[in-house]
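What follows is a single structure, written as structure tokens, with notes after it.
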Amino acid sequence: MAAYMKNNFIFLGIKSPLRKQLLREYFAEYALPEPEQLFEEVWKLYDLPEREYQYAAFALLDKMKKYLTIEDLPELRRLIETKSWWDSVDSIAPKFVGDVVKEDPERGEKVMLKWSQSDNMWTNRAAILHQLKFKQAMNTDLLFDIIKQHLESNEFFIQKAIGWVLREYAKSNPNIVYTFVAEHPLKPLSKREALKHFI
């Protein structure tokens with residue numbers, strides 16, 4: 001498990017099916033924290049060294065995601081920028097960040113534009129991916145504005161994110177995606193990923 005994650009983290013060695021079963025049992029037996037204590041409990045888990053505890057923190061957030069608001073974006077960003085890797089960022093951005101922005105787009109989209117200009121690559125990736133599951137609700141202008149800021153990036157995780165979000169959006173609006181790819185100089189990895197459904 002550690003090798004798969006390029007030895008960036010240590011693991012207890014609990015495989016995903018067992019981990020999910022144990023979390024289900026835990027949530028069935030114990031009460032959830034009060035909403036105002038959510039991030040205090042999340043950070044208790046997140047600060048533990050083994051990677052499974054970060055996954056447990058995400059499971060707790062998922063159980064209480066209906067309480068997340070625009071005011072929680074700074075805490076979500078702090079999670080993104082702590083112990084960062086694709087697995088954590090991709091757990092936080094499309095689900096928790098995306099849901100918050102969808103509930104309050106006027107304020108949330110402004111925050112995403114700021115995230116896209118961050119010096120932190122993982123925060124940039126989160127901004128790119130936060131609309132991943134939006135389908136027809138996608139704010140295309142925002143998506144393309146954020147992507148265009150990173151067209152020249154040589155960072156693998158940015159190129160991959162651009163291709164991934166375009167590929168997902170192509171399932172809902174293939175013509176818009178195809179036109180965008182045709183008219184903009186995407187890196188080969190991004191272009192290949194974006195056009196997978198067209199091949």
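The values are calculated or read from the model by the stated rules, or taken from the named source; none is laboratory data. For clarity, every value in this text was computed on a predicted model and none was experimentally measured. Don't worry about glycine lacking a Cβ; one is built from the backbone with ideal geometry, like all the others, and counts go over all protein chains shown. To get the accessible areas, we keep the full protein, side chains included, count just its heavy atoms, and leave off ligands, DNA and RNA. Shrake-Rupley method; radii C 1.70, N 1.55, O 1.52, S 1.80 Å.
What to note about this one:
- With all protein chains kept in place, the per residue accessible area of the stretch 1-152 amounts to 55 square angstrom at a probe of 1.4 angstrom.
- Annotation: average projected area of the chain is 11.8 square nanometres, based on the convex hull of Cα atoms across all directions.
- Degrees, to the nearest 10: 140-149 long Cα axis against longest axis of the chain: 90
- The chain: most fluctuating residue of 87, 62, 99 per GNM, C-alpha cutoff 10 Å: 87
- Listed residues 58, 157, 27, most fluctuating in the chain (Gaussian network, C-alpha, under 10 Å): 27
- With Cα atoms, 0 to 90° folded angle of helix 51-63 axis to the chain main axis: 80
- Each of 174, 11, 144 was scored by the projection of its Cα onto the charge dipole of the chain, and the greatest displacement toward the positive side belongs to 174; charges sit on the C-beta of Lys, Arg, Asp and Glu.
- Additional length obtainable on full extension of the chain from residue 171 to residue 20, 0.36 nm per residue less Cα span: 51.4 nm
- Subtracting the Cα-Cα distance of residue 83 and residue 47 from their residue separation scaled by 0.36 nm leaves 12.1 nm.
- Close amide H contacts of residue 10 (hydrogens built in the peptide plane, cut-off under 5 Å, sequence separation of 5 or more or a different chain): 51.
- Largest first and in whole Å, the equivalent-ellipsoid semi-axes of the stretch 64-150 read 17, 16, 12, each the square root of five times a Cα gyration tensor eigenvalue.
- In degrees, nearest ten, helix 174-183 long axis to first principal axis of the chain (Cα): 60
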